[in-house]
Amino acid sequence: MAYETLIVEIDDYVALIRLNRPDALNALNAKLLGELADALAAADANEKVRCIVLTGSEKAFAAGADIKEMSEKSFVDVFTGDLFTPETEALLRVRKPIIAAVSGYALGGGCELAMMCDFIICSDTAKFGQPEINLGVMAGIGGTQRLTRFVGKAKAMDMNLTGRFMDAAEAERSGLVSRVVPAKKLMDEAMAAARKITEKSALTAMAVKESVNRSYETTLREGLLFERRVFHSLFATEDQKEGMGAFLEKREAQFRDR
Ligand code: CAA
């Protein structure tokens, strides 16, 4: 399916979704968010996809929610329309792993979108920020919540209150991103990480994603119980027999997602 604000390519079991509003630094307007929700749901349902990479341009992953589109909205508009809820819920429903490949600006909703992915690989040019306070509002899709869990209260308060940007080195040091690579290597690194994931059992990868995400929703005790039960349940799969058997036979495992 062709999109106006996205470029989607599927190759070798990886769906690469590129945000494509170059004139607005990939600002997240309603059209883009709707198309993104649609593209993610399609990738999640597609048997030819085992991992998703979400990226932007070299200059901007996304510079936030579209300020032009929001500027005239009233409280009644955003509350009754439940601004951003359906699209963010759609992203969180995706069960396959999503890697954010971030170059340049990831600000406001752009930073929040990257944080909704499963992990972030960024280029050394990346800049993360929650500058909504400069617009007389605050972060609305995770900038005060996910960011606080990822980098801690001190940095989350600093970024949300001063609006300052965090560079790639600080983002890696703070645990916001998993890897920083030179800008020219970003897509190679992100695609290689995605391909590594496609070699695993897709079923097991889904279980891992669900279990790590659970740690943000529950107590340690409940999270550990959830993890153990999922771990136990994987012994009912053919992929567990194949993975362990292949190790013992010193050969590559051939997972069948069963
Ligand atoms: N919404 C709409 N348009 C945007 C945009 C945004 N968030 N960010 C950039 N643009 C547009 C600019 O208006 C400009 O368009 P025109 O050429 O038509 O004027 C174009 O993109 C290029 O931007 P700049 O000329 O500003 O580029 P720059 O290199 O000088 O600056 C920048 C880059 C620092 C990222 C700057 O564009 C900027 O500060 N953008 C806004 C960042 C921001 O405040 N984001 C938070 C949005 S609110 C939000 O996201 C709420 C939420 O939590 C969900």
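The values are calculated or read from the model by the stated rules, or taken from the named source; none is laboratory data. Only a predicted model underlies this, so the values are computations on that prediction, with no experimental measurement involved. In this analysis, Cβ positions are derived from the backbone assuming ideal geometry, glycine residues included, and neighbour counts consider all displayed protein chains. Ligands, DNA and RNA are stripped out before the accessible areas are found, and what is left, the full protein with its side chains, is counted by its heavy atoms. Shrake-Rupley method; radii C 1.70, N 1.55, O 1.52, S 1.80 Å.
Show log10 I(q)/I(0) for the stretch 58-101 at q = 0.17, 0.24, 0.34 Å⁻¹, two decimals, from a solvent-free Debye sum over equal Cα scatterers.
Rounded to two decimals, the profile gives -0.70, -0.98, -1.17.
Hey, what's the Cα Rg ratio for the stretch 4-111 versus the globular rule of thumb, 2.2 N^0.38 Å?
Compared with the compact-globule rule of thumb, the stretch 4-111 sits at 1.08.
Any idea what diffusion coefficient the stretch 39-84 gets from Stokes-Einstein, in µm²/s, Kirkwood Rh on alpha carbon pairs, 37 °C, 0.692 mPa s?
On the way: Rh = 13.8 Å.
Rounded, D is 238 µm²/s.
Among DSSP bridges having both ends in the chain, what percentage is antiparallel? Round to the nearest 5.
Values: 9 of 31 bridges.
Percentage antiparallel, nearest 5: 30.
Per residue, how much accessible surface does the chain expose to a 1.4 Å probe? Answer in Å², no decimals. Walk me through the numbers before you get to the answer.
Working: 14360 Å² over 258 residues.
That works out to 56 Å² per residue.
As an exercise, take the mean of 1/r over every pair of distinct alpha carbons in the chain, invert it, and state the Kirkwood radius in angstroms. Could the numbers behind the result be given before it?
Working: mean 1/r = 0.0521 Å⁻¹.
Here the Kirkwood hydrodynamic radius works out to 19.2 Å.
Shape of the stretch 77-144 from its Cα gyration tensor (a ≥ b ≥ c, root eigenvalues): rounded if a/c is under 1.5, otherwise prolate when a/b > b/c, or oblate?
Values: a/c = 3.21, a/b = 1.17, b/c = 2.75.
Verdict is oblate for the stretch 77-144.
Between Ile133 and Arg228, with labels modelled 7 Å along Cα→Cβ, what's the label distance in nm to one decimal, could you check?
Computed distance between label sites Ile133 and Arg228 equals 4.3 nm.
7 Å from Cα along Cα→Cβ at both Ser71 and Ala41: what's the point-to-point distance in nm?
3.2 nm
Tell me the label-point distance for the pair Glu242, Glu217, using the 7 Å Cα-to-Cβ offset, in nm and rounded to one decimal.
It works out to 2.7 nm between the two label points.
What is the stretch 141-258 by shape, rounded, prolate or oblate, if you read a ≥ b ≥ c off the alpha carbon gyration tensor as root eigenvalues and call it rounded for a/c under 1.5, prolate for a/b larger than b/c, and oblate otherwise? Write down the numbers at each step before the final one.
Numbers: a/c = 3.55, a/b = 1.58, b/c = 2.24.
In terms of gyration-tensor shape, oblate.
Just to be sure I understand the curve: with the Debye formula and one point per C-alpha of the stretch 81-229, what is log10 I(q)/I(0) at q = 0.14 Å⁻¹?
Rounded to two decimals, the profile gives -0.73.
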